[in-house]
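S.K.: Below is one structure. I have some questions about it.
Read the figures in this text as sums done on the coordinates, not as results from a lab. In this text the structure is predicted, and so the values were computed from the model without any measurement. Because the Cβ atoms are built from the backbone with ideal geometry, glycine has one as well, and the counts that use them run over all protein chains shown.
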Amino acid sequence: MKPRSVVFLAPKQGNSEQEWEDCAAGSPGVPGRGGNPRYIVADGATEAYDSLRWVNQLASSFIGVDAPELTPESLRRWFAQMQELWNTEAPARASYIEERKFAQGSFATFLGCELVDLAGRRPAWRAAALGDTVLFHVRGGRLVAHFPALRAQDFGLNPDGVHTSPDRLDHMVGKLRFASGEIAAGDLLFLATDAFAQWMIRFIEADGLKLWQVLSRLDHPLSFERMINTQRDAGKMKDDDVTLLRVHLVTDNPAFIVTCLP
Amino acid sequence: MYDQIISRRTPGCIVFLLDRSDSMKQQWGGSSMTLAQGAAAALNKILLDLCIWSTKEVGGAVRHYFDIGIFGYGACPIAQTEGVESAFSGPLAGQSLVPLSVLADNPVAVREAPSVDIGAGHARIPVWVEPVHGYRTPMCQAIATAGAHVFDWAGQHPASFPPIVINITDGMVTDSPHDGATLDEWAKRLTTIETNDGAALLLNIFLSPSPCHGVLYPVSPVGLPEPGPELFSISSPLPQKMINNANAAGVPAQPGARALGFNADLAMLLRFLEIGTRPTEILDR
C-alpha cells in the first residue's frame, strides 16, 4: 500500500495565489522518521504578521530531516526550535508600527500527520493537531473519523495554533491533541483548513456519500476552484484561504496523470 | 446581518465622536490625566492598535481595512468656536473620513510617552488627536455630522459591514433639539443608515471624573443615573459578534445588551473601544 497525495488550494476571493497564507506539504518518505510518509497543513492566522514565512518554515521542517516525532515532548522541542528560527531570521522592520506587529508575533494552526507500518500488519495514520485544521478519514464512502472532532459551530472561535512567542510554548503544548486510526487500501485522508473543513462537516450532515464522491474524484485545480467559488457565492463557505490535501491509499499505479499547463 | 468580513474589498468605517466640552478638563479620578487627555490617549492607542492589526507583510504598508473619522464637539480649535469639526490636525486637518493606510502615515507627532496599557512602560506613541476642551456639548450636531458622512460612505460601500459610530462623552447634551430634531431622533436617523449587512451602529460611552459603579453593556436602563437612560435609548443593541468578543475578553455581555458604557474609567474606555472597533473578522485582502 502506498499513498498518493494531491493538494488543492484557493486563495480568498480576489486574491492571487501568492497571497494564499495556508501551507500544505507532504513527503512520501521522511528520512528522519524511518521513511514514513508525512503530511502537514498549516493555516497562517489572518491577523498575524509575516504568516507566509511562518507556515512555510513549519511545513518544510515537518517533512525535513529533523522532523519531530508526534509526541508532546518532541513537538515541544520542535516548536521551540521553530520559534527561535523565526525570530532570528526575521527581516529588518521598516517602521515602529511594523516593530510593534513583529513583537506580537505570528500564529498558525497546525495539523501534522504520519503514516506508519504501510507494509506491515497494522498500517495507520497518526496525527497531532493544534487548532481547527481537520483530518477526515474516509472508507468506502463513509466517514470513519475526523480529527479534531469539531462541530460546524466550533470554527472561528479563537482557534489554538503554533505561535512564534516562546511565552506561549507551555500553553501550546497543553492544547495539542493526538489521534490515530488504522487504514486500509482504498482509504482516503483529507486534511483541510477551517473554511473548507467547516463546509465539509456541514455537508456530511446533509449528504456525506455525495461529498466523498465529489472530493475523491477531484482531478484538476480548476474544478476545485469552480467548486469553491460556487459555494462561496451561495454563502455556504466562508471566504477564506482554502486548502485541501488528499491522500489516497492505493496499491496500483495511477491510471492517468493530470498536467496543469500555465 | 453583521456578518460581513472586513477586507480591502469591503473595508469598514469607524467614526469617533469626541466630546471636547469644558467639563472634559476635569481630572480623571485614579489617573494623572484630565478626561480630555485620557480620552485622546485612549483614542490614539486604539488607532495605533488598528494600524498594527492591519499590518501584515514585512515592509508592507498598513492595509486599507477601515475608513476612519474623528469629530470633536464642543470646542473647535480650528474654527475657534463652539460646534463640530474634524479632530484631525497636522497633515489630515479638516478631513472627514480617512483611509487607515493614510492615517498611519500622517500622525501629528510620534512621542515617547507612558503607554495607557495597564502595566506597560513608555512607548513610542503616534498622536493623531490632541486633548481639547471648552464650551458646551452639542451632541446632536455631532451625531448629525457623523450621519452625513456615514450616509455617503454607506452608499459607496453597500457590501461592507455597516458603519460604527462611537461617541465618547462626559456630559449632558446641550443642543437638543437641534435643527428640529431631538438627540433621540438624530440617533434614529443615524442608525437607519444601512449597508446590505445591517444598520449603522451607535456606541456610547459616558466618562465619569470619579468613576464608581461603572456599567458596561447593560440590558436595561433601570438604575442608571442621568444621562444613562437617554444614552441607553440611543445606543444600538450589540451585534452577536461583539457580544462574543466581549465575552472572550472577559467582559460579560448578554443577548439584548446595549452598546453603552456608563461611568467609565480609563480602563473601561479602552476595553469599550477595543471591543467596539473589532466588530467582525478581518480577512486579508
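S.K.: Under a cut-off of 18 Å between alpha-carbon atoms, report the aspartates and glutamates in cross-link reach of A:LYS175, not counting same-chain residues fewer than 8 places apart.
M.R.: Reachable aspartates and glutamates: A:ASP43, A:GLU69, A:GLU73, A:ASP132, A:ASP154, A:ASP160, A:ASP167, A:ASP194.
S.K.: Separate question: Would you mind ranking A:THR88, A:THR46 so that the residue whose beta carbon has the fewest other beta carbons within 10 Å leads the list? Walk me through the numbers before you get to the answer.
M.R.: Working: A:THR88 7, A:THR46 20.
Listed from fewest to most nearby Cβ atoms, that is A:THR88, A:THR46.
S.K.: At a threshold of 8 angstrom on Cα-Cα distance, excluding pairs fewer than six apart, so keeping six or more, what relative contact order does chain B reach in percent? Numbers along the way, then the final one.
M.R.: Working: 639 pairs, mean separation 65.3, N = 285.
Relative contact order, chain B: 23 percent.
S.K.: What trypsin sites (Lys or Arg not before Pro) in region A:110-167 are in a loop by DSSP, with at most 10 other Cβ atoms within 10 Å of the Cβ?
M.R.: Numbers: sites: A:ARG121, A:ARG126, A:ARG139, A:ARG142, A:ARG151; in loops: A:ARG121, A:ARG151.
Of the trypsin sites (Lys or Arg not before Pro), the ones in loops of region A:110-167 whose Cβ has at most 10 other Cβ atoms within 10 Å are A:ARG121, A:ARG151.
S.K.: In region B:170-237, what GluC sites (Glu not before Pro) fall in a loop by DSSP, with at most 12 other Cβ atoms inside 10 Å?
M.R.: Values: sites: B:GLU185, B:GLU194, B:GLU230; in loops: none.
Here no loop site has a sparse enough neighbourhood.
S.K.: Right, next: Among the lysines, which have Cα under 28 Å from the Cα of A:LYS210 when same-chain residues fewer than 8 positions away are ignored?
M.R.: Qualifying lysines at Cα under 28 Å: A:LYS2, A:LYS12, A:LYS236, A:LYS238.
S.K.: Two-decimal Rg/Rh of region A:51-130 from alpha-carbon positions, Kirkwood Rh?
M.R.: On the way: Rg = 15.9 Å, Rh = 14.5 Å.
Here the Rg-to-Rh quotient is 1.10.
S.K.: If we count other beta carbons within 10 Å of each Cβ, what is the order of B:VAL222, A:VAL214, A:VAL7, fewest first?
M.R.: Working: B:VAL222 9, A:VAL214 13, A:VAL7 18.
With the sparsest Cβ surroundings first, the list reads B:VAL222, A:VAL214, A:VAL7.
S.K.: What ranking do A:MET82, B:MET139 get, fewest neighbouring Cβ atoms within 10 angstrom at the top?
M.R.: Least crowded to most crowded, the residues run A:MET82, B:MET139.
S.K.: How are the C-alpha pair distances of region B:218-285 spread across 10 Å bins, as whole percents from the shortest bin up?
M.R.: P(r) over region B:218-285, rounded to whole percents: 21, 51, 24, 4, 1.
S.K.: Give the percent of DSSP beta bridges with both residues in the protein assembly as shown that are antiparallel, rounded to the nearest 5.
M.R.: Details: 75 of 99 bridges.
Bridges in the protein assembly as shown that DSSP calls antiparallel: roughly 75 percent.
S.K.: Mind grabbing the base-10 log of I(q)/I(0) for the protein assembly as shown at q = 0.06 Å⁻¹? Debye formula, identical points on the C-alpha positions, no solvent, two decimal places.
M.R.: -0.35
S.K.: Just tell me which lysines come within less than 28 Å, Cα to Cα, of B:LYS45; anything on the same chain fewer than 8 places away is out.
M.R.: A:LYS101, B:LYS25, B:LYS56, B:LYS241
S.K.: What is the sum of charges, Lys and Arg at +1 and Asp and Glu at -1, for the other residues whose Cβ falls under 14 Å from the Cβ of B:TRP28?
M.R.: Numbers: positive: B:LYS25; negative: B:ASP19, B:ASP170, B:ASP265.
Once all neighbours under 14 Å are counted, the net charge is -2.
S.K.: So, one more: Can you tell me how region A:1-98 classifies by the Cα gyration tensor, rounded, prolate or oblate, using a/c under 1.5 as the rounded cut?
M.R.: Values: a/c = 2.76, a/b = 1.30, b/c = 2.12.
It is oblate, given that a/c is not under 1.5 and a/b is not larger than b/c.
S.K.: Could you list the square roots of 5 times each eigenvalue of the Cα gyration tensor of region A:112-262, that is, the equivalent ellipsoid semi-axes, sorted largest first and rounded to whole Å?
M.R.: Details: eigenvalues 127, 101, 46 Å².
With the √(5λ) rule applied to region A:112-262, the semi-axes are 25, 22, 15 Å.
S.K.: Kirkwood Rh, Cα Rg: Rg to Rh for region B:1-107?
M.R.: Values: Rg = 15.5 Å, Rh = 15.1 Å.
Reported Rg/Rh (Cα atoms, Kirkwood Rh): 1.02.
S.K.: Moving on to the next point. Decide, for region B:166-285, between rounded, prolate and oblate: order the square roots of the alpha carbon gyration tensor eigenvalues as a ≥ b ≥ c, take rounded if a/c falls under 1.5, and otherwise choose prolate if a/b is larger than b/c, else oblate. Kindly include the intermediate steps, with their values, before the conclusion.
M.R.: On the way: a/c = 1.83, a/b = 1.13, b/c = 1.62.
Cα axes put region B:166-285 in the oblate bin.
S.K.: For region A:86-182, what Kirkwood radius comes out of the mean inverse Cα-Cα distance, in Å? Intermediate results must be reported in sequence, preceding the final value.
M.R.: On the way: mean 1/r = 0.0628 Å⁻¹.
Hydrodynamic radius (Kirkwood, Cα only) of region A:86-182 equals 15.9 Å.
S.K.: Compute the Rg to Rh ratio over region B:50-151 from the alpha carbon atoms, using the Kirkwood formula for Rh, and round to two decimal places.
M.R.: Values: Rg = 15.3 Å, Rh = 15.2 Å.
Answer for region B:50-151: 1.01.
S.K.: Right, another one. Computed over the Cα atoms, what is the radius of gyration of chain A divided by 2.2 N^0.38 Å, N being its residue count?
M.R.: Output field value: 0.99.
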